[in-house]
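Working notes for the structure below.
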Amino acid sequence: MKAEATMIEGCYVLEPNIFEDKRGYFFESFNQQKFEDIIGTAINFIQDNQSKSSKGVLRGLHYQKGTFAQAKLVRVLEGEVLDVVVDLRKDKTTYKNVFVTTLSQKNNKQLFIPRGCAHGFLTLSDSATFFYKCDNLYHKEAEAGIRYDDPEFAIDWKLPDSELIISEKDILLPFFNQTEKTAL
């Protein structure tokens, strides 16, 4: 497995070693020991989630607050997404940095998102199946987020707003300057 550090401290793009032949392919999608060697700490994933979205669906930017914060290991099983991470950790030198990458079934890349970061993705293909491991259970009372179009971060989502499909809940998320005092 190859690992590439991103511009966000503790956030990594992981690319598996793929073995292909006429029968198809094989790769190791997760190995606890190798993964912990890459991120430099022990982690215990305790919840797996999966979603299916059609083209233009934008989910995010979400995070869990306080003791319910979650680190995530995300990947795409089918299709292609634009994946976005925003560092909300005030104690890090990468505070407010934004990292954007493409995850797809073709590149088989994974992205590790540390606790304290907001996360979202946009489906670029006709549909996408998105899978992620979390190191903490979901708690409704701890859910939070910032608007996808927050001018503080000026994220280029690669599709015009007219093509985006966003839940009412995500449209009502506050801008960053409205959350900064209570974010994490």
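The values are calculated or read from the model by the stated rules, or taken from the named source; none is laboratory data. Just so you know, these numbers come straight off a predicted model, no measurement behind them. Here Cβ is always computed from backbone atoms with ideal geometry, including for glycine, and neighbour counts include all displayed protein chains.
If you go through the stretch 45-85 and keep only what is assigned to a strand (DSSP E or B) and among the small types (Gly, Ala, Ser), you end up with 51, 53, 54, 60.
The listed residues are 4, 78, 9, and the only one of them that is modelled with pLDDT of 95 or more, surrounded by 15 or more Cβ atoms within 10 Å (Cβ to Cβ) and among the acidic types (Asp, Glu) turns out to be 9. Where strands (runs of 3 or more DSSP E) fall entirely within the stretch 99-145, those with at least 1 residues that are of a type in the set (Gly, Ala, Ser) and touching a residue at least 60 places away in the same chain (Cβ under 8 Å) are at 117-123, 127-134, 143-145. The residue pairs whose first member lies in the stretch 72-87 and is without any contact (Cβ under 8 Å) to a residue 60 or more places away in the chain and more than 17 Å from residue 98 (Cα to Cα), whose second member is surrounded by 24 or more Cβ atoms within 10 Å (Cβ to Cβ) and among the small types (Gly, Ala, Ser), and whose beta carbons are closer than 6 Å, counting only pairs six or more residues apart or on different chains, are 76/128; 79/128. Pairing residues of the stretch 150-167 that are among the small types (Gly, Ala, Ser) with residues that are modelled with pLDDT of 95 or more, at Cβ distances under 8 Å and at least 6 apart in sequence or on separate chains, gives 167/59. Among all residues of the stretch 34-44, there is none that is in a loop (DSSP other than H, G, I, E, B), at pLDDT below 95 and either in contact with a Phe, Trp or Tyr (Cβ under 8 Å, 6 or more places away or on another chain) or surrounded by 13 or more Cβ atoms within 10 Å (Cβ to Cβ) (or both).
In the stretch 129-149, the residue that is surrounded by the most Cβ atoms within 10 Å (Cβ to Cβ) out of those that are more than 17 Å from residue 113 (Cα to Cα) and over 14 Å from the mean Cα position of the chain (by Cα) is 147.
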